[in-house]
Amino acid sequence: MSVLLDSFFYRPDEDVGLIQEVVAGTDESLEPVAEEVPEEYLACQLEGELYAVPIHGVREIVKVPPLTEVPRAAPNLLGVMYLRGEVLPVYDIKVRLRLADKAPLVAGPDATVTPPRGTRIIVVQASDGLAGIWVDAVNEVVRLRPSMLELAPPGVGGGERDCVVGLGRRKQELFILLDLWQALS
């Protein structure tokens, strides 16, 4: 047993120059490993699925206020809301993602349909000003490193679903990454 242990441990007659250079950080043949900087995403739910949007595009999250319906509007436009002196359009991107056939009817203070308790509006900076996006629930802020991200599988990123830009994996959770500005266009 003693002979086996002696062969395993360091012996003074061994050449350990490369090991000492690596430990000291002076070996120039090794390339430095770039540290992965995680990006932050806001995780939300749409029809029971987890989606994530870049946090830098989110201005705020609000409870669903009374919405005013806009006649002859696009199918994904739920209406407009009044937020601190500004009138903002509110969109349901479930229609764009083909998770729903049409936007739910939620309008004005006299509306008979009240949104579920966890429903929120994510206020984002769109290309032509602020806009609201209706989500079923807001979960958390998620930090994903580039190694945790994947491109959207073939067939998911094209056509009507071109706002899906990829997938993010964290342990057992799968987040569908959205490009909000593409979803609102």
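With respect to residue 35, determine if the residue is at pLDDT below 90 and open to solvent by 60 Å² or more (accessible area, probe 1.4 Å). In short, yes. For segment 96-147, residues that are open to solvent by less than 30 Å² (accessible area, probe 1.4 Å) and either within 21 Å of residue 54 (Cα to Cα) or at pLDDT 80 or above (or both) total 17. Per this entry, residue 40 is counted among residues that are modelled with pLDDT of 90 or more and of a type outside the set (A, V, I, L, M).
For segment 49-104, a tally of residues being assigned to a loop (DSSP other than H, G, I, E, B) and touching a residue at least 40 places away in the same chain (Cβ under 8 Å) returns 9.
The values are calculated or read from the model by the stated rules, or taken from the named source; none is laboratory data. These numbers were taken from a predicted model, which means no experiment stands behind them. Counting neighbours? That spans all protein chains shown, and the Cβs are built from the backbone with ideal geometry, glycine included. When the accessible area is computed, the model is the full protein with side chains, heavy atoms only, and any ligands, DNA or RNA have been set aside. Shrake-Rupley method; radii C 1.70, N 1.55, O 1.52, S 1.80 Å.
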